[in-house]
Amino acid sequence: TESTPVMSLEFAILGFLAEQPASGYELKTRCFQGPVQSFWKADQAQIYRTLDRLEHQGLVQAEVTQQEKRPSKKTFALTHKGSALLHEWLRSHNEPVAIRDPFALRLYFSSTLETDELRTLFSEEIRDQKARLDQVEIELKELDKHKKVQSKFQRKECLVKKSALEVIKIRILAEIEYKNRVLSTLTDL
C-alpha cells in the first residue's frame, strides 16, 4: 500500500503550493517566515526532505529552470493527486493534539526554584508571548491591507486566513493574562 502524509508540515506545503508553485527556498522565506510563522515552524532541511517525499509520492512535481550564474532552480507544483489529498485533509476532522509545552513542563518541576527565579521565568515568558503577539498583529494588519479585494474567493481566503491568526492571538492573550496573574501571586510569596 502507498503511504500518505500525515504530518501537518506536509499539508502546509501542499496548501502553499496550491496557492502558487514555489521552490524550497521560496517556501521557507515567503511562507514559513511569513503568514504561518506564528503557529507553524519549519526549517530549510525539513522543507526539502518533505518536498522530496511529496515528489516521490506523486503529490507534487518539480520543474527545473536553468539560471545564469546561479544554480538551477527547482520549482514545485501541486499535482492532481496532491490537490485531491489536500482537499480530503481540509474536509477531515482534527484528531486531538498531544500537547507538548516546554514551559508547562518546566513549571511543573519548578518548586525548587527561588521565588525571584520563578518571577524571572514568568517575566521572560510574558516578554516572549508579547513578541509573538506583536508578530500576529503585524500579520493581521497585512491581511487588512487586502480588504478591498475584488473576487468573492479572495474575500473568503482573506477571512479564513485572518480567522487562523485570530485563534493564535486569542491563545497568546490568554497565556499572557494567566502568566501575569501567576506573576502577581508570586509577589505575595
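The values are calculated or read from the model by the stated rules, or taken from the named source; none is laboratory data. In this text the structure is predicted, and so the values were computed from the model without any measurement. Positions of Cβ are generated from backbone atoms using ideal geometry, with glycine treated the same way; all protein chains shown enter the neighbour counts. Heads up: the accessible areas ignore ligands, DNA and RNA and are worked out on the full protein's heavy atoms, side chains in. Shrake-Rupley method; radii C 1.70, N 1.55, O 1.52, S 1.80 Å.
Observations on the model:
- Residue-averaged 222 nm ellipticity for the chain, from DSSP H runs of 4+ at -39500 (n - 2.57), nearest 500: -19500 deg cm²/dmol
- Cα long-axis angle, helix 115-144 against the chain (0 to 90 degrees, to the nearest 10): 40
- Working from label points 7 Å from Cα in the Cα-to-Cβ sense, the Val97 to Asn180 distance is 2.4 nm.
- Fraction of accessible area attributable to carbon and sulfur, the stretch 32-91 (%, probe 1.4 Å): 53
- Gyration tensor (alpha-carbon) shape descriptor, the stretch 1-70, a/c threshold 1.5: oblate
- Correct option for Cα extents along the principal axes in Å [calculated from the coordinates] among (i) 63, 44, 28; (ii) 64, 43, 42; (iii) 54, 39, 29: (ii)
- Judged by the mean number of other Cβ atoms found within 10 Å, the most tightly packed of the peptides 97-108, 130-141 leads the ranking 130-141, 97-108.
- Relative to the longest principal axis of the Cα atoms of the chain, the long axis of helix 44-56 lies at roughly 40 degrees.
- Scalar couplings 3J(HN,Hα) for the stretch 58-65, obtained by applying the Karplus form with A = 6.51, B = -1.76, C = 1.60 to θ = phi - 60°, are x, 8, 9, 10, 10, 10, 9, 10 Hz; x denotes Gly and Pro.
- Rough spin-label spacing in nm, given labels placed 7 Å along Cα→Cβ, for Thr75 and Arg171: 3.3
- With protein chains left intact and a 1.4 Å probe, residues in the chain average 71 Å² of accessible area per residue.
- Principal-axis tilt of helix 80-91 within the chain, Cα atoms, nearest 10 degrees: 30
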